[in-house]
1. Amide H neighbours of Gln292 under 5 Å, at least 5 residues apart or on other chains, H built in the peptide plane: list them.
2. Translational diffusion coefficient, Stokes-Einstein: compute it for the chain using the Kirkwood radius over C-alpha pairs as Rh, at 25 °C and 0.890 mPa s, and state it as an integer in µm² s⁻¹.
3. What shape does the range 72-218 take by its C-alpha gyration tensor, where a ≥ b ≥ c are the square roots of the eigenvalues and a/c under 1.5 counts as rounded, a/b above b/c as prolate, and the rest as oblate?
4. Please list the non-local residues whose amide H lies under 5 Å from the amide H of Ala77, H modeled 1.01 Å from N, same-chain partners needing a gap of 5 or more.
5. Using DSSP, restrict attention to beta bridges with both residues in the range 121-297 and report what percent are antiparallel, rounded to the nearest 5.
6. How much length would be gained if the chain were fully extended between Asp282 and Leu158, taking 0.36 nm per residue of separation minus their Cα-Cα distance, in nm to one decimal?
7. Using θ = phi - 60° and the Karplus relation 6.51 cos²θ - 1.76 cosθ + 1.60, list the HN-Hα couplings for the range 371-383 in order, rounded to whole Hz, with x at every Gly or Pro.
8. Mind checking the full-extension length gain between Arg380 and Phe323? Use 0.36 nm per residue of separation minus the Cα-Cα distance, one decimal, nm.
Amino acid sequence: MVPDERAAPAPRARLQHADIVHFPVRDGELVVGGVPLRRLAARVGQTPFYAYDRGVLRARVEALRAVLPQAVRLHYAMKANPMPALVAYMVGLVDGIDVASAGELKVALDGGADPREVSFAGPGKRDTELWQAVASGVLVNLESAREIAPLAEAAQALGVQARVAIRVNPDFELKGSGMKMGGGAKPFGVDAAQVPGLLREVAGAGLAFEGFHLFAGSQNLSAGAICEAQRQSFDLAVHLASHAPAPVRLLNLGGGFGIPYFPGEQRLALAPIADNLSALCDRASRELPGAQLALELGRYLVGEAGIYVCRVMDRKTSHGQTFLVTDGGLHHHLAASGNFGQVVRRNYPVAIGTRAAEPQTQVASVVGPLCTPLDVLADRMLLPPAGIGDLVVVFQSGAYGASASPHAFLGHPAPIEVLV
Ligand SMILES: *Cc1c(COP(=O)(O)O)cnc(C)c1O
(Lines give C-alpha, C1' and ligand atoms only; values in the text may rest on other atoms or scores of the structure.)
Protein backbone atom coordinates (compact mmCIF):
# COMPACT_ATOMS: atom_id res chain seq x y z
CA MET A 1 0.00 0.00 0.00
CA VAL A 2 1.38 3.42 -0.95
CA PRO A 3 -0.10 5.75 1.64
CA ASP A 4 -0.30 8.95 -0.41
CA GLU A 5 -2.11 7.13 -3.20
CA ARG A 6 -4.82 6.16 -0.78
CA ALA A 7 -5.06 9.55 0.87
CA ALA A 8 -8.51 10.43 2.14
CA PRO A 9 -10.65 12.07 -0.52
CA ALA A 10 -11.14 15.81 -0.20
CA PRO A 11 -13.76 16.31 2.49
CA ARG A 12 -17.12 16.76 0.88
CA ALA A 13 -20.31 16.56 2.90
CA ARG A 14 -22.24 14.58 0.29
CA LEU A 15 -20.12 11.91 -1.33
CA GLN A 16 -20.08 11.00 -4.99
CA HIS A 17 -19.08 7.55 -6.21
CA ALA A 18 -15.57 8.81 -6.96
CA ASP A 19 -15.13 9.86 -3.31
CA ILE A 20 -16.22 6.47 -1.98
CA VAL A 21 -13.59 4.53 -3.88
CA HIS A 22 -10.10 4.32 -2.42
CA PHE A 23 -7.99 2.01 -4.54
CA PRO A 24 -5.10 3.65 -6.37
CA VAL A 25 -4.75 3.88 -10.15
CA ARG A 26 -1.40 3.34 -11.85
CA ASP A 27 -0.78 3.57 -15.59
CA GLY A 28 -4.50 3.75 -16.21
CA GLU A 29 -5.21 0.57 -14.27
CA LEU A 30 -6.68 -0.06 -10.87
CA VAL A 31 -4.22 -1.49 -8.32
CA VAL A 32 -5.29 -3.89 -5.58
CA GLY A 33 -2.89 -4.72 -2.76
CA GLY A 34 -0.05 -3.45 -4.93
CA VAL A 35 -1.01 -5.65 -7.91
CA PRO A 36 -2.36 -4.15 -11.17
CA LEU A 37 -5.81 -5.49 -11.92
CA ARG A 38 -5.01 -7.33 -15.19
CA ARG A 39 -2.11 -9.09 -13.52
CA LEU A 40 -4.27 -9.97 -10.53
CA ALA A 41 -6.88 -11.46 -12.87
CA ALA A 42 -4.15 -13.57 -14.47
CA ARG A 43 -2.98 -14.69 -11.04
CA VAL A 44 -6.51 -15.68 -10.05
CA GLY A 45 -6.85 -17.54 -13.33
CA GLN A 46 -10.47 -16.64 -14.01
CA THR A 47 -13.06 -13.97 -13.85
CA PRO A 48 -15.25 -13.27 -11.98
CA PHE A 49 -13.51 -12.95 -8.65
CA TYR A 50 -13.58 -11.05 -5.40
CA ALA A 51 -10.35 -9.49 -4.13
CA TYR A 52 -9.87 -8.24 -0.57
CA ASP A 53 -6.97 -5.91 0.22
CA ARG A 54 -5.10 -6.65 3.46
CA GLY A 55 -3.69 -3.12 3.57
CA VAL A 56 -7.17 -1.60 3.49
CA LEU A 57 -8.40 -4.03 6.18
CA ARG A 58 -5.50 -3.18 8.44
CA ALA A 59 -5.80 0.56 7.83
CA ARG A 60 -9.48 0.47 8.73
CA VAL A 61 -8.92 -1.28 12.05
CA GLU A 62 -6.00 1.03 12.88
CA ALA A 63 -8.06 4.12 12.06
CA LEU A 64 -10.82 2.93 14.38
CA ARG A 65 -8.42 2.14 17.18
CA ALA A 66 -6.83 5.56 16.82
CA VAL A 67 -10.08 7.30 17.77
CA LEU A 68 -12.00 4.84 19.98
CA PRO A 69 -11.25 4.57 23.71
CA GLN A 70 -8.62 1.88 24.25
CA ALA A 71 -10.87 0.06 26.69
CA VAL A 72 -13.49 -0.66 24.02
CA ARG A 73 -13.06 -4.11 22.52
CA LEU A 74 -13.39 -4.45 18.78
CA HIS A 75 -15.08 -7.59 17.48
CA TYR A 76 -15.44 -8.71 13.89
CA ALA A 77 -18.91 -10.06 13.02
CA MET A 78 -17.78 -12.57 10.42
CA LYS A 79 -21.20 -12.94 8.81
CA ALA A 80 -20.16 -9.91 6.74
CA ASN A 81 -17.36 -11.89 5.10
CA PRO A 82 -16.59 -15.46 6.19
CA MET A 83 -13.77 -16.17 3.71
CA PRO A 84 -11.41 -18.31 5.83
CA ALA A 85 -8.20 -16.50 4.91
CA LEU A 86 -9.80 -13.13 5.60
CA VAL A 87 -11.20 -14.28 8.94
CA ALA A 88 -7.77 -15.59 9.92
CA TYR A 89 -6.28 -12.22 8.99
CA MET A 90 -8.94 -10.37 11.02
CA VAL A 91 -8.21 -12.62 14.01
CA GLY A 92 -4.81 -10.95 14.17
CA LEU A 93 -6.28 -7.44 14.03
CA VAL A 94 -9.33 -7.44 16.32
CA ASP A 95 -10.10 -8.48 19.91
CA GLY A 96 -12.81 -11.00 19.21
CA ILE A 97 -14.86 -12.76 16.54
CA ASP A 98 -18.64 -12.98 16.54
CA VAL A 99 -20.05 -16.04 14.84
CA ALA A 100 -23.62 -16.97 14.03
CA SER A 101 -23.44 -20.68 13.22
CA ALA A 102 -21.31 -23.72 13.98
CA GLY A 103 -19.95 -23.39 10.44
CA GLU A 104 -18.70 -19.89 11.19
CA LEU A 105 -17.40 -21.11 14.56
CA LYS A 106 -15.23 -23.66 12.77
CA VAL A 107 -13.79 -21.03 10.43
CA ALA A 108 -13.03 -18.71 13.39
CA LEU A 109 -11.30 -21.44 15.39
CA ASP A 110 -9.45 -22.76 12.33
CA GLY A 111 -8.33 -19.17 11.77
CA GLY A 112 -6.68 -19.11 15.17
CA ALA A 113 -9.32 -17.24 17.17
CA ASP A 114 -8.99 -17.65 20.95
CA PRO A 115 -12.25 -19.36 22.02
CA ARG A 116 -12.41 -17.08 25.06
CA GLU A 117 -12.79 -14.19 22.61
CA VAL A 118 -15.45 -15.74 20.39
CA SER A 119 -19.17 -15.23 20.87
CA PHE A 120 -21.93 -17.17 19.18
CA ALA A 121 -25.28 -15.46 18.49
CA GLY A 122 -28.24 -16.39 16.33
CA PRO A 123 -31.80 -17.63 16.74
CA GLY A 124 -32.65 -21.31 16.33
CA LYS A 125 -29.31 -22.74 17.37
CA ARG A 126 -29.42 -26.51 17.06
CA ASP A 127 -28.50 -28.69 20.04
CA THR A 128 -25.43 -29.92 18.17
CA GLU A 129 -24.34 -26.29 17.71
CA LEU A 130 -24.83 -25.55 21.42
CA TRP A 131 -22.75 -28.60 22.34
CA GLN A 132 -20.05 -27.51 19.89
CA ALA A 133 -20.06 -24.04 21.48
CA VAL A 134 -19.69 -25.45 25.01
CA ALA A 135 -17.00 -27.89 23.93
CA SER A 136 -15.13 -25.03 22.24
CA GLY A 137 -15.36 -22.81 25.30
CA VAL A 138 -16.91 -19.87 23.46
CA LEU A 139 -19.50 -17.44 24.83
CA VAL A 140 -23.06 -18.24 23.75
CA ASN A 141 -25.39 -15.30 23.30
CA LEU A 142 -28.68 -16.81 24.47
CA GLU A 143 -31.55 -16.03 22.16
CA SER A 144 -34.18 -18.12 23.92
CA ALA A 145 -34.87 -19.98 27.17
CA ARG A 146 -34.92 -23.13 25.04
CA GLU A 147 -31.16 -23.00 24.71
CA ILE A 148 -30.60 -23.32 28.48
CA ALA A 149 -31.28 -27.06 28.90
CA PRO A 150 -28.98 -28.30 26.09
CA LEU A 151 -26.26 -25.94 27.29
CA ALA A 152 -26.54 -27.25 30.85
CA GLU A 153 -26.52 -30.85 29.58
CA ALA A 154 -23.45 -30.23 27.47
CA ALA A 155 -21.65 -28.54 30.36
CA GLN A 156 -22.46 -31.48 32.65
CA ALA A 157 -21.48 -34.13 30.12
CA LEU A 158 -18.23 -32.43 29.13
CA GLY A 159 -17.27 -31.27 32.60
CA VAL A 160 -16.81 -27.67 31.52
CA GLN A 161 -18.66 -24.41 32.09
CA ALA A 162 -21.26 -23.15 29.67
CA ARG A 163 -20.49 -19.46 29.21
CA VAL A 164 -23.52 -17.34 28.34
CA ALA A 165 -24.54 -13.77 27.71
CA ILE A 166 -28.13 -12.75 27.10
CA ARG A 167 -28.99 -11.24 23.77
CA VAL A 168 -31.59 -8.64 24.61
CA ASN A 169 -34.22 -7.48 22.17
CA PRO A 170 -34.50 -3.88 23.33
CA ASP A 171 -37.66 -1.84 23.20
CA PHE A 172 -35.90 0.77 21.08
CA GLU A 173 -34.48 0.57 17.56
CA LEU A 174 -31.44 2.01 15.83
CA LYS A 175 -33.10 4.83 13.93
CA GLY A 176 -32.40 5.04 10.21
CA SER A 177 -30.77 1.63 9.86
CA GLY A 178 -30.64 -0.31 6.63
CA MET A 179 -31.86 -3.35 8.55
CA LYS A 180 -33.48 -3.22 11.97
CA MET A 181 -32.62 -6.02 14.34
CA GLY A 182 -34.22 -4.75 17.53
CA GLY A 183 -37.28 -2.86 18.74
CA GLY A 184 -40.72 -4.44 18.62
CA ALA A 185 -41.52 -8.02 17.65
CA LYS A 186 -38.29 -9.72 16.54
CA PRO A 187 -37.00 -13.30 16.29
CA PHE A 188 -33.63 -12.03 17.64
CA GLY A 189 -32.78 -12.06 21.32
CA VAL A 190 -35.14 -12.04 24.26
CA ASP A 191 -37.54 -9.18 24.95
CA ALA A 192 -36.15 -6.94 27.69
CA ALA A 193 -39.22 -7.62 29.81
CA GLN A 194 -38.53 -11.37 29.76
CA VAL A 195 -34.84 -11.05 30.67
CA PRO A 196 -35.17 -11.02 34.51
CA GLY A 197 -37.03 -14.34 34.37
CA LEU A 198 -34.47 -15.77 31.96
CA LEU A 199 -31.64 -14.70 34.27
CA ARG A 200 -33.22 -16.73 37.09
CA GLU A 201 -33.34 -19.78 34.82
CA VAL A 202 -29.71 -19.26 33.79
CA ALA A 203 -28.68 -19.16 37.45
CA GLY A 204 -30.82 -22.19 38.27
CA ALA A 205 -29.23 -24.24 35.49
CA GLY A 206 -25.74 -23.36 36.68
CA LEU A 207 -24.66 -21.60 33.50
CA ALA A 208 -21.82 -19.08 33.78
CA PHE A 209 -23.42 -15.68 33.18
CA GLU A 210 -21.02 -13.16 31.62
CA GLY A 211 -23.05 -10.28 30.25
CA PHE A 212 -25.42 -8.82 27.73
CA HIS A 213 -25.49 -8.45 23.96
CA LEU A 214 -27.61 -5.85 22.20
CA PHE A 215 -27.72 -5.39 18.45
CA ALA A 216 -30.21 -2.81 17.32
CA GLY A 217 -29.54 -2.43 13.60
CA SER A 218 -27.20 -2.39 10.66
CA GLN A 219 -25.80 -0.07 7.93
CA ASN A 220 -26.31 3.21 9.79
CA LEU A 221 -24.55 6.40 8.70
CA SER A 222 -25.83 8.64 11.51
CA ALA A 223 -23.42 9.00 14.44
CA GLY A 224 -26.23 10.62 16.44
CA ALA A 225 -28.51 7.63 16.01
CA ILE A 226 -25.71 5.19 16.88
CA CYS A 227 -24.76 7.17 20.01
CA GLU A 228 -28.38 7.28 21.13
CA ALA A 229 -28.77 3.51 20.70
CA GLN A 230 -25.50 2.93 22.59
CA ARG A 231 -26.71 5.05 25.51
CA GLN A 232 -30.08 3.32 25.56
CA SER A 233 -28.36 -0.08 25.40
CA PHE A 234 -26.09 0.87 28.29
CA ASP A 235 -29.01 2.11 30.42
CA LEU A 236 -30.93 -1.07 29.73
CA ALA A 237 -27.92 -3.25 30.61
CA VAL A 238 -27.46 -1.40 33.92
CA HIS A 239 -31.11 -1.98 34.72
CA LEU A 240 -30.98 -5.68 33.80
CA ALA A 241 -27.67 -6.20 35.63
CA SER A 242 -29.53 -5.78 38.92
CA HIS A 243 -31.32 -9.07 38.10
CA ALA A 244 -28.16 -10.93 37.05
CA PRO A 245 -26.68 -13.84 39.02
CA ALA A 246 -23.14 -12.53 38.52
CA PRO A 247 -21.45 -9.26 37.62
CA VAL A 248 -21.51 -8.22 33.98
CA ARG A 249 -18.08 -8.84 32.48
CA LEU A 250 -18.91 -8.05 28.88
CA LEU A 251 -21.41 -5.61 27.48
CA ASN A 252 -21.60 -6.00 23.71
CA LEU A 253 -23.23 -2.81 22.43
CA GLY A 254 -23.59 -4.11 18.88
CA GLY A 255 -22.43 -1.99 15.99
CA GLY A 256 -24.49 -0.85 13.08
CA PHE A 257 -21.66 1.29 11.66
CA GLY A 258 -22.48 1.81 8.00
CA ILE A 259 -20.38 2.55 4.93
CA PRO A 260 -21.38 4.79 2.01
CA TYR A 261 -22.57 2.96 -1.09
CA PHE A 262 -24.48 5.57 -3.04
CA PRO A 263 -24.03 9.16 -4.23
CA GLY A 264 -25.25 11.66 -1.67
CA GLU A 265 -24.41 9.50 1.33
CA GLN A 266 -22.03 10.70 4.01
CA ARG A 267 -19.26 8.85 5.75
CA LEU A 268 -20.03 7.94 9.33
CA ALA A 269 -18.49 10.51 11.70
CA LEU A 270 -16.41 8.61 14.26
CA ALA A 271 -15.50 11.46 16.62
CA PRO A 272 -18.95 11.75 18.26
CA ILE A 273 -19.10 7.97 18.65
CA ALA A 274 -15.66 7.93 20.28
CA ASP A 275 -16.75 10.69 22.70
CA ASN A 276 -19.93 8.82 23.50
CA LEU A 277 -18.05 5.58 24.16
CA SER A 278 -15.57 7.41 26.42
CA ALA A 279 -18.48 8.68 28.49
CA LEU A 280 -19.97 5.18 28.63
CA CYS A 281 -16.61 3.68 29.68
CA ASP A 282 -16.54 6.19 32.57
CA ARG A 283 -20.07 5.26 33.54
CA ALA A 284 -19.23 1.54 33.27
CA SER A 285 -16.43 1.88 35.81
CA ARG A 286 -19.03 3.13 38.31
CA GLU A 287 -22.27 1.44 37.25
CA LEU A 288 -20.99 -1.88 35.88
CA PRO A 289 -17.64 -2.34 37.62
CA GLY A 290 -15.48 -4.96 35.94
CA ALA A 291 -17.43 -4.84 32.69
CA GLN A 292 -15.75 -4.38 29.33
CA LEU A 293 -17.58 -2.69 26.49
CA ALA A 294 -17.43 -4.26 23.04
CA LEU A 295 -18.47 -3.27 19.53
CA GLU A 296 -19.22 -5.88 16.91
CA LEU A 297 -18.68 -4.60 13.41
CA GLY A 298 -19.07 -6.41 10.14
CA ARG A 299 -19.28 -4.37 6.99
CA TYR A 300 -17.56 -1.35 8.51
CA LEU A 301 -14.37 -3.37 8.91
CA VAL A 302 -14.36 -5.26 5.62
CA GLY A 303 -16.83 -3.71 3.18
CA GLU A 304 -14.57 -1.07 1.68
CA ALA A 305 -11.60 -3.45 1.39
CA GLY A 306 -13.22 -5.64 -1.25
CA ILE A 307 -13.92 -5.42 -4.96
CA TYR A 308 -15.78 -7.71 -7.31
CA VAL A 309 -14.24 -8.10 -10.75
CA CYS A 310 -15.87 -9.46 -13.89
CA ARG A 311 -15.04 -9.32 -17.58
CA VAL A 312 -16.97 -7.76 -20.45
CA MET A 313 -18.03 -10.63 -22.73
CA ASP A 314 -20.19 -8.65 -25.13
CA ARG A 315 -21.21 -5.14 -25.94
CA LYS A 316 -24.69 -4.64 -27.35
CA THR A 317 -27.00 -1.82 -28.28
CA SER A 318 -30.75 -2.00 -27.84
CA HIS A 319 -33.07 0.89 -28.62
CA GLY A 320 -30.16 3.26 -28.36
CA GLN A 321 -29.00 1.94 -24.98
CA THR A 322 -25.55 0.36 -24.54
CA PHE A 323 -25.21 -2.89 -22.59
CA LEU A 324 -21.93 -4.29 -21.37
CA VAL A 325 -22.65 -7.97 -20.82
CA THR A 326 -20.23 -9.49 -18.31
CA ASP A 327 -19.46 -12.96 -16.98
CA GLY A 328 -20.52 -11.82 -13.48
CA GLY A 329 -23.79 -10.71 -12.00
CA LEU A 330 -26.40 -11.15 -9.31
CA HIS A 331 -25.55 -14.83 -8.77
CA HIS A 332 -22.23 -13.62 -7.32
CA HIS A 333 -23.18 -10.18 -6.05
CA LEU A 334 -26.81 -10.03 -5.10
CA ALA A 335 -26.38 -6.78 -3.16
CA ALA A 336 -24.92 -4.85 -6.10
CA SER A 337 -27.86 -5.98 -8.23
CA GLY A 338 -30.14 -4.31 -5.70
CA ASN A 339 -31.82 -7.48 -4.53
CA PHE A 340 -30.37 -7.85 -1.01
CA GLY A 341 -32.79 -5.86 1.13
CA GLN A 342 -32.80 -2.64 -0.88
CA VAL A 343 -36.10 -0.84 -1.33
CA VAL A 344 -35.01 1.23 -4.31
CA ARG A 345 -32.32 -0.03 -6.67
CA ARG A 346 -29.31 2.29 -6.84
CA ASN A 347 -25.94 1.75 -8.48
CA TYR A 348 -23.01 0.64 -6.37
CA PRO A 349 -19.78 2.40 -7.31
CA VAL A 350 -18.69 0.67 -10.55
CA ALA A 351 -15.67 1.37 -12.74
CA ILE A 352 -13.87 -0.05 -15.74
CA GLY A 353 -10.75 -1.15 -13.89
CA THR A 354 -8.72 -1.48 -17.07
CA ARG A 355 -9.57 2.09 -18.13
CA ALA A 356 -9.48 3.74 -14.74
CA ALA A 357 -7.85 6.96 -15.96
CA GLU A 358 -10.02 7.47 -19.06
CA PRO A 359 -12.78 10.08 -19.05
CA GLN A 360 -16.32 8.89 -18.48
CA THR A 361 -17.96 9.76 -21.75
CA GLN A 362 -20.48 7.00 -22.38
CA VAL A 363 -23.63 5.90 -20.64
CA ALA A 364 -23.82 2.12 -20.42
CA SER A 365 -25.58 -0.52 -18.36
CA VAL A 366 -23.51 -3.35 -16.94
CA VAL A 367 -25.47 -6.60 -16.85
CA GLY A 368 -24.71 -10.24 -16.17
CA PRO A 369 -25.30 -13.43 -18.16
CA LEU A 370 -28.47 -14.51 -16.35
CA CYS A 371 -31.79 -14.62 -18.17
CA THR A 372 -33.53 -12.29 -15.74
CA PRO A 373 -33.99 -8.52 -15.84
CA LEU A 374 -32.82 -8.45 -12.21
CA ASP A 375 -29.25 -9.22 -13.31
CA VAL A 376 -27.98 -5.63 -13.38
CA LEU A 377 -24.70 -4.45 -11.85
CA ALA A 378 -24.96 -0.86 -13.11
CA ASP A 379 -28.00 0.79 -14.60
CA ARG A 380 -27.22 3.50 -17.18
CA MET A 381 -24.00 4.72 -15.63
CA LEU A 382 -21.49 7.19 -17.02
CA LEU A 383 -18.38 5.10 -17.77
CA PRO A 384 -15.32 5.24 -20.00
CA PRO A 385 -16.04 3.54 -23.33
CA ALA A 386 -15.43 -0.15 -22.68
CA GLY A 387 -15.34 -3.22 -24.86
CA ILE A 388 -14.97 -6.97 -24.83
CA GLY A 389 -12.14 -8.05 -22.52
CA ASP A 390 -12.25 -5.02 -20.24
CA LEU A 391 -12.53 -5.66 -16.52
CA VAL A 392 -15.49 -4.22 -14.64
CA VAL A 393 -14.98 -3.48 -10.94
CA VAL A 394 -17.71 -3.15 -8.34
CA PHE A 395 -16.39 -1.35 -5.23
CA GLN A 396 -17.66 -1.57 -1.62
CA SER A 397 -17.93 -5.32 -2.14
CA GLY A 398 -16.03 -6.73 0.83
CA ALA A 399 -19.16 -7.45 2.85
CA TYR A 400 -22.31 -9.43 1.99
CA GLY A 401 -20.93 -10.31 -1.43
CA ALA A 402 -19.83 -13.82 -2.31
CA SER A 403 -21.37 -15.54 0.71
CA ALA A 404 -24.66 -13.66 0.43
CA SER A 405 -25.36 -14.50 -3.22
CA PRO A 406 -27.14 -17.41 -4.93
CA HIS A 407 -24.20 -19.01 -6.78
CA ALA A 408 -26.21 -21.94 -8.09
CA PHE A 409 -28.80 -19.77 -9.80
CA LEU A 410 -28.53 -20.59 -13.53
CA GLY A 411 -25.53 -22.86 -13.16
CA HIS A 412 -22.65 -20.52 -13.94
CA PRO A 413 -19.26 -21.05 -12.29
CA ALA A 414 -18.85 -19.71 -8.74
CA PRO A 415 -16.59 -16.72 -8.12
CA ILE A 416 -13.12 -17.15 -6.65
CA GLU A 417 -12.11 -15.09 -3.62
CA VAL A 418 -8.55 -13.89 -3.01
CA LEU A 419 -6.90 -11.97 -0.21
CA VAL A 420 -4.22 -9.68 -1.59
C1 LIG B 1 -25.25 -9.00 10.92
C2 LIG B 1 -24.81 -8.76 12.30
C3 LIG B 1 -23.70 -7.95 12.57
C4 LIG B 1 -22.93 -7.25 11.48
O5 LIG B 1 -23.66 -6.24 10.86
P6 LIG B 1 -22.89 -5.21 9.91
O7 LIG B 1 -23.94 -4.37 9.31
O8 LIG B 1 -22.17 -6.02 8.88
O9 LIG B 1 -21.94 -4.44 10.75
C10 LIG B 1 -23.30 -7.80 13.86
N11 LIG B 1 -23.96 -8.40 14.88
C12 LIG B 1 -25.02 -9.18 14.67
C13 LIG B 1 -25.71 -9.81 15.82
C14 LIG B 1 -25.49 -9.39 13.38
O15 LIG B 1 -26.56 -10.17 13.19
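1. Those qualifying (amide H under 5 Å, at least 5 residues apart or on another chain) are Leu250, Leu251.
2. Here the translational diffusion coefficient equals 109 µm²/s.
3. oblate
4. Asp98, Leu297, Gly298
5. Looking only at bridges with both residues in the range 121-297, the antiparallel portion is about 10 percent.
6. Answer, rounded to one decimal: 40.8 nm.
7. 7, 8, x, 6, 7, 10, 9, 8, 9, 6, 9, 7, 9
8. 19.7 nm
The values are calculated or read from the model by the stated rules, or taken from the named source; none is laboratory data. Bear in mind that the values here come from a model prediction, so they are computed numbers and not experimental data. Neighbour counts run over all protein chains shown; Cβ positions are idealised from the backbone, glycine included. We work out accessible area using only protein heavy atoms, side chains counted, and drop any ligands, DNA or RNA first. Shrake-Rupley method; radii C 1.70, N 1.55, O 1.52, S 1.80 Å.
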